[in-house]
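The values are calculated or read from the model by the stated rules, or taken from the named source; none is laboratory data. Small disclaimer: the values here were computed from a predicted structure and weren't measured. Here the Cβ positions follow ideal geometry from the backbone for every residue, glycine too, while neighbour counts run over all protein chains shown. These area figures cover heavy atoms from the full protein model, side chains too; ligands, DNA and RNA do not enter into them. Shrake-Rupley method; radii C 1.70, N 1.55, O 1.52, S 1.80 Å.
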Amino acid sequence: MSIVIKQREPSRLPSKTDAEFDRISNLPGHVIDQILSRLPIRDAVRSSVLSRKWRYKWAKIPCLVFDNHCFNFSSQDQSFIKNKLVNIIDHVLLLHNGPIHKFKLSHRDLLGVNDIDRWILCISRSSIKEVVLEIWKGQRYKPPSCLFNCQNLVHLELFNCLLKPPLMFKGFKNLKSLDLQHITITQDVFEKLVSSCPSLERLTLMNFTGVTHLVIDAPNLQFFDIGGIFEDVSFLNTVHLSYVSIGLYVNIDNEENDARDNSSKLLRFFVNLPHIRRLEIQSYFLKVSAYTKYPEKWLLNPDMLVQYLAMGYVPSRLPNLCVDLNHLSIRIDFDDLEENTAALCLLRSCPNLLELEMLARPEEQSSMERSTNFWEDDHWSSLFAHLRLVKVSGISGVKSEMDFIKFLLSNSPVLEQLTVKPASQEGEWELMKELLRFRRASIYAEVIYLDP
């Protein structure tokens with residue numbers, strides 16, 4: 001009699017379909033769209049190999065960004081790189097079959113080639129809302145007239161471009177943000193461009209050519225950042241403007257005419273800024289007369305440009321106080337009388353100031369009237385009633401700088417923190433000891449010393 005012993009079969013796990021294992025293919029469509037929108041365009045196109053459901057899904061992404069993060073070329077042949085970039089962008093635009101809301105072109109190896117005209121024509125037929133053109137090489141690129149037909153634009157950013165809109169251009173009715181850097185544009189075109197964008201909220205202007213007198217007429221403007229060589233700036237209908245950062249220089253060719261102007265640029269600057277909350281004064285800004293009298297300084301330091309706000313009569317305070325201004329940043333030569341006078345006018349005109357930043361800009365060679373005892377005088381009819389944070393940077397410990405710090409400490413009853421950052425380590429220990437000896441109006445005031 002034979003006995004048959006059967007081995008127990010191992011238990012089998014419940015079977016799963018291929019669909020259950022293929023979680024990538026079963027992702028909801030809106031999740032796939034979110035993933036693709038966060039990938040560089042190169043990786044988004046490559047996602048077609050993941051599954052059938054992902055194939056050409058990238059062709060509907062609304063944001064197209066072509067920059068150095070998308071493409072890396074091992075070749076140093078500029079002609080090869082240019083042709084490769086053009087072929088890639090042509091290929092993407094050809095296969096794209098959805099709306100394009102954002103188009104950014106910012107590859108540092110791409111010149112202002114004629115192919116860009118074709119790409120802009122393509123995106124102008126879509127409901128494009130954001131255009132960024134940064135041409136890093138070659139001559140300034142002149143955008144085609146079709147760019148100015150994009151009436152759904154909300155953000156426009158141009159770098160190294162020549163702007164010449166068609167005569168029939170009526171403005172961008174929906175544009176909220178305009179960023180122009182290294183731009184060539186005529187005076188009338190600039191004024192028309194800004195004034196014909198009624199929804200404009202943010203305006204950035206850096207390194208213009210072709211514009212001498214900036215007139216900013218923008219009823220909804222809230223943010224304004226400018227840096228470059230201009231003769232004048234004025235604001236019209238800018239009652240909502242709350243943030244201003246300005247590094248404004250005066251053209252040397254027109255300096256003498258401006259110096260004879262007795263009207264106060266300080267008054268004209270603030271007359272249409274009733275609700276300004278933050279003001280940053282960069283570069284040379286507060287004074288003009290020194291370089292008119294001593295043009296040889298331009299030969300010694302051609303990069304040094306004249307200051308602006310102290311031109312003409314400077315009042316003791318503005319007729320209309322900046323009651324909303326709570327942050328003020330000023331770059332100043334503490335040894336210069338006229339700059340100190342203009343700075344004092346600003347300080348007196350900001351009764352609700354909460355934060356103050358002073359950046360010392362000492363002049364190595366100065367023939368201007370010196371101000372050795374300016375901050376020792378009794379200038380104040382009211383204290384810094386609300387000032388809480390102060391930062392003073394770039395000082396070397398000279399008397400005028402230390403007088404200003406002493407003046408602040410003794411007139412700020414609610415000051416919480418004073419941060420001091422010197423220009424160098426020379427005389428560091430003596431500077432620290434002198435700061436600790438100053439009387440403080442606020443018992444809570446903390447002095448923080450930062451290494452240069």
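Quick look at the values:
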| read-out | value |
| --- | --- |
| Leu203 vs. criteria of a type outside the set (Val, Ile, Thr) and either surrounded by fewer than 16 Cβ atoms within 10 Å (Cβ to Cβ) or within 16 Å of Leu279 (Cα to Cα) (or both) | yes |
| Residue identified as over 34 Å from the mean Cα position of the chain (by Cα) and either of a type in the set (Val, Ile, Thr) or at pLDDT 90 or above (or both) among Ile405, Ile443 | Ile443 |
| Contacts under 8 angstrom Cβ, first residue in region 425-450 being surrounded by 10 or more Cβ atoms within 10 Å (Cβ to Cβ) and among the hydrophobic types (A, V, I, L, M, F, W, C), partner assigned to a loop (DSSP other than H, G, I, E, B) and modelled with pLDDT of 85 or more, 6 or more apart | Leu431/Gly397; Ala441/Asn411; Ala441/Ser412; Ala441/Pro413; Ala441/Leu415; Ala445/Ser412; Ala445/Leu415; Ala445/Glu416 |
| Residue within region 57-68 that is open to solvent by less than 50 Å² (accessible area, probe 1.4 Å) and modelled with pLDDT under 75 present | yes |
| Verdict on Thr372 being out of contact with any Phe, Trp or Tyr (no Cβ under 6 Å at 6 or more places or on another chain), among the polar types (S, T, N, Q), modelled with pLDDT of 90 or more and more than 22 Å from Phe269 (Cα to Cα) | no |
| Filter result (open to solvent by 20 Å² or more (accessible area, probe 1.4 Å) and under 24 Å from the mean Cα position of the chain (by Cα)) within region 113-129 | Lys129 |
| Residue in region 133-153 that is polar (S, T, N, Q), within 16 Å of Cys63 (Cβ to Cβ), open to solvent by 10 Å² or more (accessible area, probe 1.4 Å) and not in a helix (DSSP H, G or I) present | yes |
| Unmet criterion (only one of (1) of a type in the set (A, V, I, L, M, F, W, C); (2) over 26 Å from Asn83 (Cα atoms); (3) open to solvent by less than 40 Å² (accessible area, probe 1.4 Å); (4) part of a loop (DSSP other than H, G, I, E, B)) for Met168 | (3) |
| Residues that are surrounded by fewer than 18 Cβ atoms within 10 Å (Cβ to Cβ) and at positive phi, drawn from region 212-248 | Asn237 |
| Among the candidates Thr184, Thr209, residue that is within 23 Å of the chain's Cα centre (by Cα), farther than 25 Å from Ser126 by Cβ and at pLDDT below 95 | Thr209 |
| Region 94-104, subset out of contact with any strand residue (DSSP E or B) (no Cβ under 8 Å at 6 or more places or on another chain) and of a type in the set (A, V, I, L, M, F, W, C), residue modelled with the highest pLDDT | Leu94 |
